[in-house]
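Student: Input: one structure, supplied below.
The values are calculated or read from the model by the stated rules, or taken from the named source; none is laboratory data. Quick caveat, the model's predicted, so the values are computed rather than measured. With ideal geometry, Cβ positions are generated from the backbone for all residues, glycine too; neighbour counts draw on all protein chains shown.
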Amino acid sequence: MENNDILKIEHVTKRFPGVVALNDVSFSIKAGEVHGLVGENGAGKSTLIKAIMGIHPIDEGSITLWSDGAYVQPKNALDAKHLGMYANYQHVSIADTLSVAENYYLGQLPRTRLGTVDWKRVYSDSKKILDKFHMEDVDPRTKIEDLPIALKEMVMISKISMIDGLKLVIFDEPTALLEEQRVEQLFDYIAELKKQGISIIYISHHLEEMIRICDRVTVLKDGTYVTTKNIEEVNRDSLISLMVGRKIDDIYNIQRAKVGEEMLRVENLCSKGKFENISFNIHAGEILGFFGLVGAGRSEVMRAIYGADKLDSGKIYVREKEQRIRNPISAMKSGIGLIPEDRQKEGAALDLSVKININLNSYDMISRFGLINLKKESERADKYIKAIRIKTPSSSQKVKNLSGGNQQKIVISKLLCRDLDVFIFDEPTVGVDIGAKQEIYHLIEELSNQGKAVIIISSYLPEVMGLSDRIMVLAGGKVAGEVKRDGWTDESILQLASKES
């Protein structure tokens, strides 16, 4: 094994139509190290890990893993798996309609002597894994679709413990949807893998995490290799400078707008088993934050206001006029828009073009007698590609070929096409790099300055504190309290969020 390198990436180039995603990238991963990979969205991180895992065949260069005394290049994804490579991807990839236990044993269900599935063992072993990862309250028989998205992520992470012969594990934004306690559990597990001599490639836009757990870090920019540094040689500011070529002192430094008339008021919203007696209001120009631990009901409340989920009781007023919202279409017609938490499944049509996605919510505005005005369709797409700086070769590019940050911008642009009063951003910067985050924050600032009401839901407390004028704190499906900028601290907010219902 040369220089203790378990994985060698040598002169790798990968092209897609109209774009070079990776250009002559070379670096290596050492055995038993935690190796960070950073870069803005579009830097090539996702393409590189899919190339490592044999999903994207490379055009030039080689990717080889040390196996049985020689360096071997995986032929495809199945070959990479057999060689001991595993990737925990950014967007939860799991069989939603199956149980937790069935997901753990997917494709390898144990059998009894009679040839039937040994369900007793399946549920017993699954319970041990859940307990190990501090998910004692989760029943192995629970369907994945019935779990909060953070627990889905933890199930995916815990599944790694069942894999034998591991040499390399890739974590792509694993903490994006995890609360602090779960993050600590993940870090403990990564330390355990490292002790076993397993190498880790760790991707995160939370640079503090990189500095805390990584041994070395590699920086990519615009599909090219920038540098690899020992973690002792870098700090947050120097990493940002390497990634974006500039220093960002305070990404939350936004101008506060003048607060105007009441735009939205909700009274005693209830949804059985999810939340109860939720009341709040928001004014023109105001940014209202929502914070709570996983399971607090933040997203559920907003989905109900938007008409995506059922509301059992309560009243919704827009500009002091009561609205009967039955579905997202009626919500948008009432002036309410939602950027959903899961942009991959609910925010964007990944197999359709950028142009179609941008216009998707507002074709009724550019159509007559059922015929779409194709000129306006193209003009609107080009307008928002330019206005919010969506990086795409053309408006005809499929959304699935764009980076996470650019996909998020497309989801936002869908709502910008309509003249809405209230914009709800649910986890707006999950999986988004530091540069794209700042662009989204400036967009939120611009909306508030235009007199729009903006609601922010974020699991990242510094973000919700940095952006909001007020914060509503939820716990156990109820309002635990409201705090304002002039009096809040992170401790006081967390105390409210941890309040017993």
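Student: If I ask for residues that are on the phi > 0 side of the Ramachandran plot and polar (S, T, N, Q), which ones from segment 267-296 would you list?
Tutor: The answer is Asn268, Asn277.
Student: Okay, moving on. Within segment 264-287, which residues are surrounded by fewer than 20 Cβ atoms within 10 Å (Cβ to Cβ) and of a type in the set (Ser, Thr, Tyr)?
Tutor: Ser279
Student: Which of (1) modelled with pLDDT under 90; (2) of a type in the set (D, E, K, R); (3) touching a Phe, Trp or Tyr at 6+ places or on another chain (Cβ under 9 Å) does Asp125 not meet, given it meets every other one?
Tutor: (1)
Student: If Thr228 passes every condition in (1) touching a residue at least 60 places away in the same chain (Cβ under 8 Å); (2) crowded, with 18+ Cβ neighbours inside 10 Å; (3) at negative phi but one, which one does it miss?
Tutor: All conditions are met except number (2).
Student: Which condition number does Glu261 fail, the rest of (1) surrounded by 15 or more Cβ atoms within 10 Å (Cβ to Cβ); (2) modelled with pLDDT of 90 or more being met?
Tutor: In the conditions (1) surrounded by 15 or more Cβ atoms within 10 Å (Cβ to Cβ); (2) modelled with pLDDT of 90 or more, Glu261 misses (1) alone.
Student: Moving to a separate point now. Can you name the number of the only condition in (1) buried (at least 18 other Cβ atoms within 10 Å of the Cβ); (2) at pLDDT below 90; (3) outside any loop (DSSP other than H, G, I, E, B) that Glu145 fails?
Tutor: (1) is the only condition that Glu145 fails.
Student: Looking at segment 410-432, which of the residues that are assigned to a loop (DSSP other than H, G, I, E, B) and over 18 Å from the mean Cα position of the chain (by Cα) is modelled with the highest pLDDT? Even if it seems obvious, please write down each step before you answer.
Tutor: First pass over segment 410-432, keeping only residues assigned to a loop (DSSP other than H, G, I, E, B): 417-421, 427-432.
Filter again for over 18 Å from the mean Cα position of the chain (by Cα), leaving 417-421.
On the way: Cys417: 85, Arg418: 84, Asp419: 80, Leu420: 91, Asp421: 94.
So, considering only residues that are assigned to a loop (DSSP other than H, G, I, E, B) and over 18 Å from the mean Cα position of the chain (by Cα), the one modelled with the highest pLDDT is Asp421.
Student: Mind listing whichever residues of segment 373-393 are within 29 Å of the chain's Cα centre (by Cα), surrounded by fewer than 14 Cβ atoms within 10 Å (Cβ to Cβ) and assigned to a helix (DSSP H, G or I)?
Tutor: Lys386, Ala387
Student: Right, here's the next one. Note down all Cβ pairs under 8 Å where the first residue falls in segment 368-396 and is at pLDDT 85 or above, the second is among the basic types (Lys, Arg), and they're at least six residues apart or on different chains.
Tutor: Taking only residues 6 or more apart or on different chains, the pairs are Glu377/Lys355; Ser378/Lys355; Ala381/Lys355; Ile390/Lys409; Ser395/Lys355; Ser396/Lys355.
Student: Within segment 286-300, work out how many residues are modelled with pLDDT under 95 and not in a strand (DSSP E or B).
Tutor: 9
Student: When only residues in segment 170-212 that are of a type in the set (D, E, K, R) and exposed (fewer than 14 other Cβ atoms within 10 Å of the Cβ) count, which is nearest to the chain's Cα centre (by Cα)?
Tutor: Glu180
Student: Starting from residues that are without any contact (Cβ under 8 Å) to a residue 12 or more places away in the chain, surrounded by fewer than 15 Cβ atoms within 10 Å (Cβ to Cβ) and touching a Lys or Arg at 6+ places or on another chain (Cβ under 9 Å), keep the ones in segment 102-135 and report whichever is farthest from Leu177 (Cα to Cα).
Tutor: Among those residues, the one meeting the criterion is Thr112.
Student: Within segment 311-324, work out how many residues are in a loop (DSSP other than H, G, I, E, B) and within 11 Å of Leu269 (Cβ to Cβ).
Tutor: The initial filter retains those residues of segment 311-324 that are in a loop (DSSP other than H, G, I, E, B), namely 311-312, 319-320, 324.
Filter once more, so that each one left must be within 11 Å of Leu269 (Cβ to Cβ): 311-312.
Qualifying residue count for the region: 2.
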